[in-house]
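Comments concern the structure below.
The values are calculated or read from the model by the stated rules, or taken from the named source; none is laboratory data. Keep in mind it's a predicted model, so treat the numbers as computed, not measured. Glycine also receives a Cβ, built like all others from the backbone with ideal geometry; neighbour counts cover every protein chain displayed.
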Amino acid sequence: MYLVGKPNIPNKSLYLKRVEDILDSKVLSNDGKYTKLLEESVRNYLGVKHCIAVCNATIGLELAISSILGEGPGEIIIPSFTFIATAQAVKRCGFTPVFVDCLDKNFSLNYKKIKITENTKGIIAVNLFGSICDQAKLEKLGVPVIYDSAHALGVSDLKGTYVGNFGKAEVFSLHATKFINSGEGGLITTNDDAIALKIKKYKSFGYHPESGLKEGLVCDYGTNAKMSELSAALGLTNFEHIQEICNKNYENFLTYKENLPSWCHLKEPNTIFSNYSYIPVIVNKSIRDDLVNYLWNKGIKARTYFKAIHTLDPFRSFESLPVTESISNKIICLPQGIDLEKIDILYICDIINKFL
Ligand code: T4K
């Protein structure tokens, strides 16, 4: 069976050693050794000032929103073409998401369609499928920008600046389905000291980051968004293989590119420095669902990421977002990851070729 989102686990034996180390140390949580090592490794790799590990990216977005934009009411501009977590985080912070259409070329927020009003508190732009938004354009609109970079660890722009360094803060996912995973997990990065301090407080019960845990010194509101040591060790072990995984993903991407039929348009990331962790393809709307059923029957569990959020009940709005609606009816994500050999991808492409 071929899955989208099958976890990459490149060094199981090292992870198991680290699990033993954790169990022997009896430090299972509260920013232990592996959480600190993971944060430090990612910080150094991205060249960013702060990296804060959290329990998942959805809560990570909530922490970033509340640290930067406070609590609602107010409106936050987000794309409708994204995973539901982006909208849920906005709502859970007491803000109203205002959905804006996306660009056809890289599925990112169409900055030309954004209307800033007196109610607009900020923008959450999403770096989808290893592509990057046009940050310069978004950050000129005059309101704070936070990036949902759940898919964009290891991606850099054409000048070589890594995603993680843009906007007020960026949030990555380390969920099992992400190319670098910690089971469940997320990372928040920022170059702003004050924002980092707030996030650290909010992440751990409002304790003061230096003295709080030891002395029970609560200096702010907060929740519990900590990452466990078992997750951090898995995240760290996987992250140590990031380059090798990106290379393998790129090889797989090229095999797809060479062997998919012409009616199945592979979307290339808009930066060559991508992680290639998703294989999104666009097909004709009239055949999309039949093709997905056909693939599932052949053991290829393709996914139709994403449904337009403004068409889903809790967030339904009657304004039409034509590009979002069109893409969400035409997109299919195909399997990717280090467990796929060339022969597997040739098989998947062969099955697709035989569909029409
Ligand atoms: N922002 C964006 C843009 C996101 O895409 C996401 C998450 C977030 C924010 C929030 O990040 P987290 O809070 O999750 O850290 C999956 C993931 O659950 C979700 O993390 C991810 N995006 C989204 C794109 O995909 P589902 O509902 O498709 O998950 P599920 O359980 O159907 O799994 C997908 C595939 O992965 C299946 O083919 C099975 C395979 N799988 C999954 C798990 C959990 C495995 O092989 N092993 C596993 O352990 O949402």
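Going through the range 85-111 one residue at a time, which ones are at positive phi and surrounded by fewer than 20 Cβ atoms within 10 Å (Cβ to Cβ)? If the condition is that a residue be at positive phi and surrounded by fewer than 20 Cβ atoms within 10 Å (Cβ to Cβ), then GLY94 is the only one that fits.
Out of the residues in the range 164-173 that are assigned to a loop (DSSP other than H, G, I, E, B) and touching a residue at least 40 places away in the same chain (Cβ under 8 Å), which is farthest from the ligand (Cβ to nearest atom)? Applying the filter and picking the extreme gives ASN165. Among the residues making up the range 63-78, those that are crowded, with 22+ Cβ neighbours inside 10 Å and within 13 Å of LYS115 (Cα to Cα) are ILE76, ILE77, ILE78.
Yes or no: the range 203-212 includes at least one residue that is in contact (Cβ under 8 Å) with a residue 60 or more places away in the chain and either basic (Lys, Arg) or crowded, with 24+ Cβ neighbours inside 10 Å (or both). Yes, the range 203-212 contains a residue that is in contact (Cβ under 8 Å) with a residue 60 or more places away in the chain and either basic (Lys, Arg) or crowded, with 24+ Cβ neighbours inside 10 Å (or both).
Evaluate the following for GLY154: is it closer than 20 Å to SER328 by Cβ, crowded, with 24+ Cβ neighbours inside 10 Å and within 16 Å of the ligand (Cβ to nearest atom)?
Working: closer than 20 Å to SER328 by Cβ: no; crowded, with 24+ Cβ neighbours inside 10 Å: yes; within 16 Å of the ligand (Cβ to nearest atom): yes.
When the stated conditions are applied, GLY154 does not pass them.
Meeting the requirement of 3 or more residues that are within 15 Å of the ligand (Cβ to nearest atom) and of a type in the set (A, V, I, L, M, F, W, C), the helices (runs of 4 or more DSSP H) wholly within the range 14-106 are 57-69, 84-92. Exactly one residue out of ASN106, ASN56 is more than 28 Å from ALA232 (Cβ to Cβ) and not hydroxyl-bearing (Ser, Thr, Tyr): that is ASN106. In the set SER149, SER204, only one residue is of a type in the set (Ser, Thr, Tyr) and in contact with a Leu (Cβ under 8 Å, 6 or more places away or on another chain); that residue is SER204. Candidates in the range 112-142 are the residues that are crowded, with 17+ Cβ neighbours inside 10 Å and among the aliphatic types (A, V, I, L, M); of these, the one that is farthest from the ligand (Cβ to nearest atom) is ILE114. Suppose the filter is farther than 21 Å from ILE68 by Cα and either touching a residue at least 60 places away in the same chain (Cβ under 8 Å) or buried (at least 24 other Cβ atoms within 10 Å of the Cβ) (or both); does THR190 pass it? No: the conditions fail for THR190.
Scanning the range 174-194 for residues that are within 14 Å of LEU38 (Cβ to Cβ) and outside any loop (DSSP other than H, G, I, E, B), we see that the one that is farthest from the ligand (Cβ to nearest atom) is THR189.
Kindly provide the set of residues from the range 168-202 that are touching a strand residue (DSSP E or B) at 6+ places or on another chain (Cβ under 6 Å) and small (Gly, Ala, Ser), ordered by number. Selection gives ALA169, SER173, GLY186, ALA196. Here the condition is being modelled with pLDDT of 95 or more and under 23 Å from the mean Cα position of the chain (by Cα); of PRO269, PRO261, it holds for PRO269 alone.
Could you run through the range 292-314 and say how many residues are outside any strand (DSSP E or B) and within 28 Å of LEU109 (Cβ to Cβ)? I'd like the intermediate steps shown before the answer.
Of the residues in the range 292-314, the ones outside any strand (DSSP E or B) are 292-299, 302, 304-314.
So of that shortlist, the ones also within 28 Å of LEU109 (Cβ to Cβ) come out as 292, 302, 304-314.
Number satisfying all stated conditions: 13.
What number of residues within the range 276-306 satisfy the criterion of being buried (at least 19 other Cβ atoms within 10 Å of the Cβ) and over 21 Å from LEU346 (Cα atoms)? Qualifying residue count for the region: 2.
Checked against the criteria, THR311 does not count as within 15 Å of the ligand (Cβ to nearest atom), modelled with pLDDT of 95 or more, among the hydroxyl-bearing types (Ser, Thr, Tyr) and surrounded by fewer than 21 Cβ atoms within 10 Å (Cβ to Cβ). Against the test of being assigned to a loop (DSSP other than H, G, I, E, B), surrounded by fewer than 21 Cβ atoms within 10 Å (Cβ to Cβ), among the hydroxyl-bearing types (Ser, Thr, Tyr) and touching a residue at least 24 places away in the same chain (Cβ under 8 Å), the options SER326, SER317 yield a single qualifying residue, SER317.
Of the candidates ILE343, ILE348, the single residue that is without any contact (Cβ under 8 Å) to a residue 24 or more places away in the chain and closer than 21 Å to PHE179 by Cα is ILE343.
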